[in-house]
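Contents: one structure, followed by commentary.
The values are calculated or read from the model by the stated rules, or taken from the named source; none is laboratory data. All of these numbers come straight from a predicted model, not from anything done at the bench. Virtual Cβ from ideal backbone geometry, glycine too; neighbours counted across all protein chains shown. We work out accessible area using only protein heavy atoms, side chains counted, and drop any ligands, DNA or RNA first. Shrake-Rupley method; radii C 1.70, N 1.55, O 1.52, S 1.80 Å.
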Amino acid sequence: MKKLNNTQTTLFVNNYQDVFKDIRNYLAGRLMGTTRDEQLLEEVVKVLFCKFYIDQENIKIDAQNEIELAKAYRRVFAQVKVNIPKTLGRYDEILLDPTSLAYVHTRLDLLTDRVLKEDPFGDAYEVFVGDSIRGQEGQFFTPQNVVSLLVSLIKPQQGETIIDPACGSGSFLNASARWLINNGVQPSIVANTIFGTDKDRYLSELASARLSLITLAQAKVYCADSLAWEPDDEKEFKISDSIGKFDIVLTNPPFGSKIISTSEKTQKTFELGHKWDFDQTTDRYVKTNELLSSVPPQVLFIERCIKLVKPGGRLGMVVPESLISSKGYKYVVQYILDNTIIKAVIGMPEALFKTSGKGGTHTKTVLLVLEKDGKSAIERPKIFMAEAKWCGKNSRGQRIDKDDLPEILNKYNQYSLKQLETFDYNGYLVKYQDIVDNVLAPRYYNPEVNSILDTLIDTHELISVGDMVKNHILEIRRGDEIGGMNYGSGNIPFVRTSDISNWEVKIDPKQGVSEEVYNQYKSKQDVQENDLLMVKDGTYLIGTCAIITKYDKKILYQSHLYKIRVIDRTKLSPFLLLAILSSDPVQQQIKSKRFTQDIIDSLGNRINEIVLPIPKSKKLHEEIAALVEKTIRERVEARELARKATEAVIKGL
């Protein structure tokens, strides 16, 4: 137990964030004239530098005397400024009064021995100013366990040069430095081999301070545009001629379709800044001379990062899953395949960035581990893939026991030693030749999905939706968007994804259309009794199904829904199909084949790849169909009776 000056006693402290929350609340309530979190953070950072220096140099101080403690800190701060002039030289002094300084010192003393194991600066940044910075221009705070995982996958070695060209506040720079120091590399060597750039001066200064904290030397972090490769200050930019000379890139570049990534002049210098057309004769994408009208920053950063490293160099990147799975980015995947060996692709949970920035983002991300090389596909090793379900925190940022990341690292290490023998969602191998249509999303290749189907071979016919469409057993159509101006124009239901639930179409959908609008679309949509509606696009509802009853036929349905009709009912009952589509083997396939398209997920044409497990027993066919039909009939009748009762309140029975 450590006594805190004039405040409270603490028995347990779980992490730096708890400490910094206490410090922030204490300082915000005590200090006058300095209440902005950015200013409070500056003072805490000064103390952090001094505290680490004091511990590293074994400087003796009198922690019981506030005045003497303050004098000691000011002497140390003067020395640290000499060592790190770029980072701390602009500060004259520590501005905290002796009592506040003593409080911060005592709180930091609780966790001092964990500086090289954890990232105190990152936690301070997140607590004090993270929400005001993150989320701007696609900047999202990378969770530290993910940063640590990616660094552990890359395994930096002494003497290797490392760069993060979109370093933000320096998470990857700090983690790389801690990795090297904890593996016996001298801090002075580390300081000379790690580089960072960011176009935001405030963030680049934070990153510089964050790296300097553990090396106690001036960091090589610059304010620069990494796409234009132009510095804010030409004199300070010491790596202007270093493209193609780094050993390692570790980064989480900004992502977002609405971000203007660079100027037209700079865009012309990128191959991926141009339009690529598909050549059917060669089955490849070919670069044209035409510039794309807009190009997201994550696309250009793929090319920049690959070109930053030397032949044989390694890359660890966090990118949106859509970049390696979406139809519009297939040329980007081809570029990656042509210029690198893909060592690993690891899917992250959707909740990973939910607590990042102002409200975070639902964007699903993956970790890429690449090696710059030009080997043919035949010579390349199998790709390690994994699909993490849990990452140690829930969508609210609360710590939970479930965390797949340590096991994924363990399996990747086995893979690196060619000792991986058991496969599950935390680690499996994919041959280059088995990559389908330039899709690299790990969940698409999850072996557990096929394992489920393998157990059904003896008892079920396994037939794909695509084959059933070809054999005229099924027909699939998509709905239409009628335009927002038609919403609320009448009482005829316009069914959207949120109106599909528990096998039913909601009787009171949120939007209705007029008779005139309905007549424009009714022949094209041709909704009939016992048609099925399935959610095609969305976040959580994809794969949710409903069946059309006699009460639901007069509707229109939106483009985010499939309409599935059983044409040959001698082969398949629509009620049996409803049960099959809702079964676990099918729902697991849907999860593996739904890809992110910037904002929402989509199943798209991959519905045709879904394998339907149809029981071989005809008797079971009939029993399941009858059970589903009975369930639907009873639900709908109850629903209609409820509706009539509410109407009778006004109209009478």
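Identify, from the list VAL249, VAL221, VAL185, VAL190, the residue that is open to solvent by less than 20 Å² (accessible area, probe 1.4 Å), within 25 Å of GLN79 (Cα to Cα) and part of a strand (DSSP E or B). Talk me through it step by step, then tell me what you get.
On the way: VAL249 fails: within 25 Å of GLN79 (Cα to Cα); VAL185 fails: part of a strand (DSSP E or B); VAL190 fails: part of a strand (DSSP E or B).
Step by step, each of VAL249, VAL221, VAL185, VAL190 is checked, and only VAL221 is open to solvent by less than 20 Å² (accessible area, probe 1.4 Å), within 25 Å of GLN79 (Cα to Cα) and part of a strand (DSSP E or B).
With the structure loaded, tell me whether LEU541 is assigned to a loop (DSSP other than H, G, I, E, B) and closer than 30 Å to LYS616 by Cα or whether it fails that test. Before the answer, list the steps.
Details: assigned to a loop (DSSP other than H, G, I, E, B): yes; closer than 30 Å to LYS616 by Cα: yes.
Criteria met by LEU541.
If you take the residues in the range 400-442 that are touching a Ser or Thr at 6+ places or on another chain (Cβ under 7 Å) and surrounded by fewer than 21 Cβ atoms within 10 Å (Cβ to Cβ), which one is farthest from PRO320 (Cα to Cα)?
Going through the range 400-442, the residues touching a Ser or Thr at 6+ places or on another chain (Cβ under 7 Å) turn out to be 409, 439-441.
From what's left, surrounded by fewer than 21 Cβ atoms within 10 Å (Cβ to Cβ): 409, 439.
Working: LEU409: 20, VAL439: 13 Å.
Here the residue is LEU409.
Is there any pair with a first residue in the range 553-566 that is of a type in the set (D, E, K, R) and assigned to a loop (DSSP other than H, G, I, E, B) and a second that is at pLDDT below 95 and open to solvent by less than 10 Å² (accessible area, probe 1.4 Å) whose Cβ atoms are under 9 Å apart and which are 6 or more apart or on different chains, and what are they?
none
How many residues, within the range 593-608, are on the phi < 0 side of the Ramachandran plot and open to solvent by less than 70 Å² (accessible area, probe 1.4 Å)?
Of the residues in that region, 11 qualify.
Which ones in the range 56-108 are among the acidic types (Asp, Glu) and open to solvent by less than 50 Å² (accessible area, probe 1.4 Å)?
Applying the first criterion (among the acidic types (Asp, Glu)) to the range 56-108 yields 57, 62, 66, 68, 92-93, 97.
Of everything in the range 56-108, just one residue is among the acidic types (Asp, Glu) and open to solvent by less than 50 Å² (accessible area, probe 1.4 Å), namely ASP97.
What is the number of the single condition among (1) among the aliphatic types (A, V, I, L, M); (2) in a helix (DSSP H, G or I); (3) touching a helix residue (DSSP H, G or I) at 6+ places or on another chain (Cβ under 7 Å); (4) under 21 Å from GLN218 (Cβ atoms) that VAL82 does not meet?
It fails just one condition, (3).
Those residues that are part of a strand (DSSP E or B) and open to solvent by 20 Å² or more (accessible area, probe 1.4 Å), I need them from the range 493-507; list them, please.
Of the range 493-507, the ones part of a strand (DSSP E or B) are 493-495, 500-501, 503-505.
If the condition is that a residue be part of a strand (DSSP E or B) and open to solvent by 20 Å² or more (accessible area, probe 1.4 Å), then PRO493, SER501, TRP503, GLU504 are the ones that fit.
When you look at GLU475, is it acidic (Asp, Glu) and modelled with pLDDT under 95, yes or no? Spell out the reasoning first.
Numbers: acidic (Asp, Glu): yes; modelled with pLDDT under 95: no.
When the stated conditions are applied, GLU475 does not pass them.
Could you check, for the range 475-488, whether at least one of its residues is exposed (fewer than 13 other Cβ atoms within 10 Å of the Cβ) and assigned to a helix (DSSP H, G or I)? Working first, answer last.
Residues of the range 475-488 that are exposed (fewer than 13 other Cβ atoms within 10 Å of the Cβ), as a first pass: 481, 483-485.
Add one more test, that the residue is assigned to a helix (DSSP H, G or I), and what stays is 484-485.
Within the range 475-488 (the criterion being exposed (fewer than 13 other Cβ atoms within 10 Å of the Cβ) and assigned to a helix (DSSP H, G or I)), the answer is yes, since at least one residue qualifies.
Out of all the residues in the range 47-64, which are in contact with a Leu (Cβ under 7 Å, 6 or more places away or on another chain) and free of Cβ contacts under 8 Å to residues at least 24 places away in the same chain?
Listed by number, the residues that qualify are ILE61, ASP62.
Determine whether the range 580-593 contains at least one residue that is within 29 Å of TYR521 (Cβ to Cβ) and in contact with a Gly (Cβ under 7 Å, 6 or more places away or on another chain).
yes
Just give me the residues in the range 277-312 being among the polar types (S, T, N, Q) and either in a helix (DSSP H, G or I) or within 25 Å of ILE248 (Cα to Cα) (or both), in sequence order. Lay out the reasoning, then the answer.
Here is the first cut: in the range 277-312, the ones among the polar types (S, T, N, Q) are 280-282, 288-289, 293-294, 298.
Across the range 277-312, the qualifying residue is only GLN298.
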